[in-house]
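Participant: This is the structure I want to talk about, given as structure tokens.
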Amino acid sequence: MPSKFSSRVLPELVISGLGCRSLIKEEAETLGLDRILIVSSPSLRRTTGLVDDLARSLGSRLVGISDDVQ
């Protein structure tokens, strides 16, 4: 089987910097997103508060957290 890979990626916006986590709910509203899945490595969730902070910020928009990414 050939080892070909192709991917089509939608335009992205990257927001970076101190305090940017607080903007996730506003960004979700701007983009019209009402069902969000957080994907994380186990170590990021276990050793930082980042994933749980994002989850709290998303409120009812959060549909789950997948933290088994290797």
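The values are calculated or read from the model by the stated rules, or taken from the named source; none is laboratory data. Given the structure is predicted, the values throughout are model-derived calculations rather than measurements. Glycine gets a Cβ as well: all are built from the backbone with ideal geometry, and neighbour counts include every protein chain shown. Surface accessibility is based on the protein's heavy atoms, side chains included, excluding ligands, DNA and RNA. Shrake-Rupley method; radii C 1.70, N 1.55, O 1.52, S 1.80 Å.
Residue by residue, here is whether (1) more than 22 Å from Glu12 (Cα to Cα); (2) modelled with pLDDT of 90 or more holds:
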{"position": "Glu27", "(1), (2)": "no, no"}
{"position": "Leu33", "(1), (2)": "no, yes"}
{"position": "Val39", "(1), (2)": "no, yes"}
{"position": "Thr48", "(1), (2)": "yes, yes"}
{"position": "Ala55", "(1), (2)": "no, yes"}
{"position": "Leu62", "(1), (2)": "no, yes"}
{"position": "Ser66", "(1), (2)": "no, yes"}
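Participant: In region 14-48, which residues are hydrophobic (A, V, I, L, M, F, W, C) and closer than 17 Å to Leu58 by Cβ?
Facilitator: Once the filter is applied, which keeps residues that are hydrophobic (A, V, I, L, M, F, W, C) and closer than 17 Å to Leu58 by Cβ, region 14-48 yields Ile15, Cys20, Leu23, Ile24, Ala28, Leu31, Leu33, Ile36, Leu37, Ile38, Val39, Leu44.
Participant: Within region 34-47, can you find the residues that are within 18 Å of Leu23 (Cβ to Cβ) and open to solvent by 50 Å² or more (accessible area, probe 1.4 Å)?
Facilitator: Asp34
Participant: Still on this structure, I have one more. Name the pairs whose Cβ atoms lie under 9 Å apart, with the first residue in region 43-61 and among the acidic types (Asp, Glu), the second outside any helix (DSSP H, G or I) and at pLDDT 90 or above, and 6 or more positions between them or separate chains?
Facilitator: Asp52/Ile65
Participant: Here is a follow-up. Return the residues of region 48-60 that are assigned to a helix (DSSP H, G or I) and open to solvent by less than 50 Å² (accessible area, probe 1.4 Å); say none if nothing qualifies. Steps first, answer last, please.
Facilitator: Step one: filter region 48-60 for residues assigned to a helix (DSSP H, G or I), giving 50-60.
Val51, Leu54, Ala55, Ser57, Leu58, Gly59, listed by residue number.
Participant: I've got another one for you. Would you mind stating whether Arg8 is modelled with pLDDT under 90, open to solvent by 50 Å² or more (accessible area, probe 1.4 Å), in a loop (DSSP other than H, G, I, E, B) and of a type in the set (Lys, Arg)? Steps first, please.
Facilitator: Working: modelled with pLDDT under 90: yes; open to solvent by 50 Å² or more (accessible area, probe 1.4 Å): yes; in a loop (DSSP other than H, G, I, E, B): yes; of a type in the set (Lys, Arg): yes.
It is true that Arg8 is modelled with pLDDT under 90, open to solvent by 50 Å² or more (accessible area, probe 1.4 Å), in a loop (DSSP other than H, G, I, E, B) and of a type in the set (Lys, Arg).
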